[in-house]
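Here, each number is a calculation from the coordinates, and none is a lab measurement. The model shown is predicted, which means the values in this text are computed figures rather than measured ones. Quick reminder, even Gly has a Cβ in these numbers, built from the backbone with ideal geometry, and neighbours come from all protein chains shown.
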Amino acid sequence: MNKLKILDTPKKAKILITGHLNPDGDALGSGLALKLVLDKLKYNSVISYDFSNQLSEEFSYLPIHKITKKEKLEDHYDISYVFDCGDPNRLGALSELVLQSNEIYVVDHHMDLTFGTNSEVDSSAASTTQVLFRMFKNEKIEIDSEIANCLLTGLITDTGRFQYSNTNEEVFEIASELLSFGANLVEITESIYGSVSYNALKLQADVINRIRIDNKYNLSYSYVLQEDYRKHNTFPEETDFLIDVVRLPKEANVALLLKEQEDGTYKGSLRSRGNIDVQLIASSFGGGGHKAAAGFSSNENRDEILVKINNELRAQV
Ligand SMILES: [Mn+2]
């Protein structure tokens, strides 16, 4: 695999920028930051993602008008830039288009990268935007306030507002530099963390009531069902914050939130505040992530998933 340099990207190439399915703040922030840079440098590029859910309103301060609907994409791109995605299957509907492009440039901070012709990957980085920031600096690419906002978004969301164990000195140094470039910290944090809809808050109350703590492995567990969204007239994309309340009990070292999907399968979010590596647990379901935060999908029922999680926890303690 070759080293990736942004400014070496051929000027005439048709470029697709994307990231993992249902992009989070890091996948969106890194993709949009590069889109802004390539636009300034007069490259021919589009940015698109597979949204199976609606794009959450919390990211409306980002330049999301630049995102092209996946239905409007062309049949072929010379180069695909892939952000925050270690596995092509996680690209969703865009996976084939990416794999068919002549070159695949991957910028990421996940472990076990499985694809790409050129890459810049650091699994010790807190966010993909951190890796991208270093590339911009190394190549002396100018970071304006809009680009800084995109980069800071990934840094904030992937560190849980500078609270997860991946928050090191470099994270603060980069955040500080991004503020000096004009990033708007208050706009970002208020939009993502400072406000939720009243209905989503009522749903949170149900999720809190369902929390069970298994003292054997100090696991805090709760779940959300499709009927909960209907009951509270709210949407899955409005409730991304729910895992944060499940991981709150101080009696727990590991948190699990299961979210029922429309097709009846479950998506699991895992968090760890101790030595438990939740990325290992998620990978036993074919999922991925990091030591302190990971996710997976499963078509098993809630009890079956819990048994499996407990087995995985037993293997680690
Ligand atoms: Mn990330």
- Message: Please compute the contact order of segment 90-194 in relative form: average sequence separation of alpha-carbon pairs under 8 Å and at least six residues apart, divided by the residue count, as a percent.
- Response: 21 percent
- Note on the structure: Per 10 angstrom bin, beginning at 0 and ending with the bin that holds the maximum distance, the Cα pairs of segment 198-316 fall in percents of 14, 49, 31, 5, 0
- Item | Total charge dipole magnitude, the chain, about the Cα centre, Cβ charges on Lys, Arg, Asp, Glu only, Debye to nearest 20 | 200 debye
- Can you list the residues of segment 130-158 with backbone N under 15 Å from a point 7 Å past the Cα of Glu170, pointing along Cα to Cβ? 130-139, 155
- For segment 164-178 and segment 223-300, what is the separation of their C-alpha centers, rounded to whole Å? 26 Å
- In nm, to one decimal, how far is the Asn233 label point from the Ser52 one, both placed 7 Å along Cα→Cβ? 2.8 nm
- Arrange Thr129, Thr234, Thr167 by Cβ neighbour counts within 10 Å, fewest through most, would you? Thr167, Thr234, Thr129
- If each Cα of the chain is one equal point scatterer, what is log10 of I(q)/I(0) from the Debye formula at q = 0.11, 0.13, 0.15 Å⁻¹? -0.68, -0.96, -1.26
- Counting other beta carbons within 10 Å of each Cβ, put Phe115, Phe172, Phe59 in order, fewest first. Phe172, Phe115, Phe59
- Lys pairs under 30 Å by Cα in segment 41-190, provided they are eight or more residues apart or on distinct chains: 8
- Whole-Hz couplings from phi, Karplus 6.51/-1.76/1.60, listed for segment 87-102; x for Gly and Pro: 9, x, 4, 7, 7, x, 5, 8, 4, 5, 4, 5, 5, 8, 6, 5
- Query: When a footprinting reagent is the concern and you count Cβ atoms within 10 Å, what order do Asp87, Asp112 take, fewest first?
  - Reply: Asp112, Asp87
- Determine the relative contact order of segment 1-109: mean sequence separation of Cα pairs under 8 Å and six or more apart, normalised by residue count, in whole percent. 33 percent
